Structures are given as structure tokens and as C-alpha cells.
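All remarks here apply to the structure that follows.
Since every read-out is calculated from the coordinates, none of them should be taken as a lab result. Not measured: the values here are computed from a predicted model. In this analysis, Cβ positions are derived from the backbone assuming ideal geometry, glycine residues included, and neighbour counts consider all displayed protein chains.
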Amino acid sequence: MSLAAPLTPVEELDAQLRQHGFAVLDATAVCRLAGVGIEELRAWGPSWNTLPPDEYLKDGGRYRRRRHANLVIDGERIEPAPHRAHWQPVEYNALHGGMERWFEPMGAEVTETPAWQRLIAALGRVASALKGQRRWFAEAHQFRIDTAGGIGRPTPEGAHRDGVDLVAVFLVAREAIKGGETRVFQAEGPAGMRFTLSEPWSLLLLDDARVIHETTPIQPAGDVGWRDTLVVTLRAGGFQGPA
């Protein structure tokens, strides 16, 4: 049985993040936050159907597809950054940390739309309200986790932090699956919460310094299914990379 996500009104978002380290917005709140229409977000959906396979999975799986984009957020100005490898230290990703992972770039059908600019700018405002006004270095990832092999793992590295300042996880679609429960825990303490993101374009926001997160494996509910997400991370001081 799925547990409903604890929704936060958009007017209470900043206070919720400061107090608890995470917040969940429904799709209506996401549209209000970013000043976009839901149809603008839904128009990106077909781009998840053409994601190339993730060739870097160390568990030998073939269940993940993805694309990647890099951006710099300076107030309301969003600038695409040169395409680069995605890199995380082993302290934050024990499975895939310490290696350069080159993913195909996200397509113009998403990144060159007005809605994309507004959505990313809104995340910059959330990060600045939480951490103080900064220049933010953002990485965006389109993911599809499928059940063609029986089980798909949204977070094969397990419960983790990302080594950034703010993490935004948009659920884009759930199709013919069971599982995929979101779990958020205090980084320093025993408290935690479990729930399932189910509404397309609902959003989980995480203060990465304060909470650890994971998503449980998915299994097919009938035919082959999948779980699509858009994950955007914001970090002050530069992109993560090898020392």
C-alpha cells in the first residue's frame, strides 16, 4: 500500500525546508512556484522515450536510461554551461563515485523552452532563500528506470546525499509499476519519513546537507513498466569534479 506524500502549500515552502530539510509540492504548486502551465511541462514527456542507456551501472543492470545538462543560475539569468562529465566523490556515492560519467546532453525540446528557463530560475530562488543569495551551478538529469529485467533500481547506491546544496526530484511518470517508495532521513538523527510520489510533476525538494534520501526498487505491475524523473541539483562554488 502506497503512503501519500506530505504536501506543503507553496506559501509555506521556505519555512518547511528550513525547519525539516525537505518539502513535497503537488503539480499545481510546482506550476505556481515556477510560473508555468502544466501543459508546458507535459509537453516534455515524449523526450523521456528516447533516453539512451546508462552505460556506467556497476551492478551490471540495464534498467536505467538518462540524459544530462549543466547550467549556471545567476539570479534570473540561466546560462547553459559547456557539456561535462557528471562526477561525484565516493563519500557521497560509494557505487559510482570517483569516476567521470559522460551522458548524452538533454535535448533542445526541453532546454530551449521558456518553461525550462522559468523552472530552473524558480529552483535558484528556492536555493537562495534557503542558503543565501548565490551563483548556483546546476546539473539536470532525465532518468527512466524500467522493469524490463524484472527489477529497476532508482537509487542503486542506496540511501545517500549528493554533495550539493539543494536537490529537486520531479516525478514525471509512473507506468505499470509497484514500489518506488521515497525515503527521507535526517543526516544526523533517527527521524525519517516514507511516502510515494505518484502525481506527474509533483516535486520533492531536499536540503542535501541535512537529509539522506533513497527510492526503493520498482517491479512490474503487469507488463513492463517504468518510472520517469527529472532531477536537478544546485551547488554553490562550482560543479563537482576531480580534485
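Things worth noting here:
- The range 192-198 - phi-based ³J(HN,Hα) in whole Hz, Karplus 6.51/-1.76/1.60, Gly and Pro as x: x, 8, 10, 6, 10, 6, 10
- Beta bridges from DSSP with both residues in the chain: antiparallel share about 95 percent, rounded to the nearest 5.
- Between the amide H of Gln88 and those of Gly98, Met99, distances stay under 5 Å, these residues lying 5 or more places away or on another chain, with hydrogens modeled in the peptide plane.
- Tensor-based shape of the range 57-191 (alpha-carbon gyration tensor, a/c under 1.5 rounded, otherwise prolate or oblate): prolate
- Label point of Lys58 set 7 angstrom out along Cα-Cβ; within the range 153-193, amide nitrogens under 17 Å from it belong to 153-163.
- Whole-number D in µm² s⁻¹ for the chain, Kirkwood Cα-pair radius fed into Stokes-Einstein, 25 °C, 0.890 mPa s: 136 µm²/s
- Choice from Pro217, Pro80, Pro46 with maximal GNM fluctuation in the chain (Cα, 10 Å cutoff): Pro46
- For the range 137-142, backbone phi angles converted through the Karplus equation (6.51, -1.76, 1.60; θ = phi - 60°) give residue-by-residue couplings of 9, 10, 10, 10, 9, 8 Hz, Gly and Pro being listed as x.
- Simple Cβ-charge dipole of the chain, Lys/Arg +1 and Asp/Glu -1, about Cα centre, in debye nearest 20: 220 debye
- For the range 145-158, putting each phi into the Karplus relation 6.51 cos²θ - 1.76 cosθ + 1.60 with θ = phi - 60° gives couplings of 9, 10, 10, 4, x, x, 9, x, 10, x, 10, x, 7, x Hz, in residue order, rounded to whole numbers and with x for Gly and Pro.
- With a simple spin-label model that places each label point 7 Å from the Cα along the Cα-to-Cβ direction, the separation between Arg194 and Ser2 comes to 1.6 nm.
- Label-point gap, in nm, between Gln133 and Glu91 - each point 7 angstrom along Cα→Cβ: 3.0 nm
- Ratio Rg/Rh, restricted to the range 17-104 and using Cα atoms, in which Rh is the Kirkwood radius: 1.02
- In this label model, Glu109 and Thr28 are separated by 3.0 nm, measuring between points 7 Å along each Cα→Cβ vector.
- Space enclosed by the convex hull of the alpha-carbon atoms of the range 194-243, per residue, Å³: 149 Å³
- DSSP beta bridges confined to the range 1-136 are antiparallel in about 80 percent of cases.
- Cβ-based net charge around Arg174, under 14 Å, with every Lys or Arg adding one and every Asp or Glu removing one: -3
- Near the amide H of Ala5, within less than 5 Å, lie the amide hydrogens of Thr196, all on another chain or at least 5 residues away, with H placed in the peptide plane.
- Loop-exposed GluC sites (Glu not before Pro) per DSSP, neighbour cap 15 Cβ within 10 angstrom, longest uninterrupted part of the chain: 113-187
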